[in-house]
Amino acid sequence: MSNPILTLKDLHKSFGQNHVLQGINFTAQKGNVIALLGSSGSGKSTLLRCINLLEVPNNGQLQLGEHLLHFSSDLQGRSITPKPKLITQLRQDVGMVFQQFNLWAHMTVLQNLIEAPIHVLKKPKAEAIAEAQRLLEKVGIANKKDHYPSQLSGGQQQRAAIARALMMHPKVMLFDEPTSALDPEMVGEVLRVMQQLAQQGGMTMLVATHEISFAREVASHVMFLEKGKIIEFGLAQELFAQPKTERFKQFLASVRS
């Protein structure tokens with residue numbers, strides 16, 4: 001087995017009295033595509049936001065590649081934020097795609113893609129433009145490079161957001177319910193791009209989703225969360241065929257109906 005690309009140990013996150021993540025432990029290998037399943041409020045989005053430090057865990061340990069962070073809280077129970085340099089270094093290795101696209105409205109699609117590589121990675125502009133055009137071709141919106149986000153459909157905006165995240169060559173891609181804000185007819189076009197990413201291999205992906213068919217067809221692993229705890233985690237083919245817990249069986253039955 002290769003060295004893990006992502007390891008979480010005893011990760012906890014609370015918001016006041018609400019203990020949202022309660023001792024999360026798991027390891028992801030390079031190329032794993034992990035579908036995070038669970039009902040609303042189970043902790044899926046908070047888990048993703050903790051991995052790229054949009055939320056700082058209260059306790060536990062996170063290792064992503066060569067980055068190792070230990071988390072603790074102060075006497076009032078508030079998370080102690082890591083040094084900004086550590087956060088910046090970790091985020092360069094983590095791409096995140098949100099529900100609401102989060103593209104910069106005042107920039108064209110092409111400008112959205114090249115901004116961070118030029119200013120953060122110090123990539124020459126011509127090189128960044130060439131790579132951006134290649135990625136936009138890959139996600140099927142090369143003809144939209146000079147459009148502004150407001151001129152695109154939701155599905156096109158989400159595909160632009162995926163391309164923008166890939167521009168930073170992340171070790172891990174996080175998708176937080178990437179199709180939940182889309183009209184039903186646009187869901188398929190985004191899922192196809194994600195499926196293409198997964199099938200090309202090498203990209204480690206964690207996907208919080210309600211799209212069970214996508215999880216069945218594309219995910220290598222499934223993680224089922226409930227009330228901030230991992231109830232099941234393993235190979236997708238095995239867990240879908242034979243859930244280990246009654247609770248996961250009930251969940252699958254409810255989403256099929």
Exercise for the section: Measure off 7 Å from each Cα along the Cα-to-Cβ vector at Glu217 and Phe240, then give the distance between these two points in nanometres to one decimal. Expected result: 1.0
Problem - Solvent-accessible area, 1.4 Å probe, carbon plus sulfur percent, for segment 162-257 - result: 49
Handout entry: Selection of trypsin sites (Lys or Arg not before Pro), segment 213-244, meeting DSSP coil and at most 16 other Cβ within 10 Å
Key = Lys227, Lys244
Exercise for the section: Using per-residue counts of other Cβ atoms within 10 Å, averaged over each peptide, order 37-46, 134-143 from highest down. Expected result: 37-46, 134-143
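State in Å² the accessible area per residue of the chain; use a 1.4 Å probe, count heavy atoms of protein chains only, and round to the nearest integer. Let's see the in-between values first.
Working: 12310 Å² over 257 residues.
Each residue of the chain exposes 48 Å² on average to a 1.4 Å probe.
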Handout entry: Proximal lysines relative to Lys13, as straight alpha-carbon distance under 18 Å, when same-chain residues fewer than 8 apart are discounted
Key = Lys44, Lys227, Lys229
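The values are calculated or read from the model by the stated rules, or taken from the named source; none is laboratory data. Quick caveat, the model's predicted, so the values are computed rather than measured. Heads up, the Cβs are rebuilt from the backbone with ideal geometry, glycines too, and the neighbour counts pull from every protein chain shown. Note: accessible area is taken over every heavy atom of the protein model, side chains too, but ligands, DNA and RNA are not part of it. Shrake-Rupley method; radii C 1.70, N 1.55, O 1.52, S 1.80 Å.
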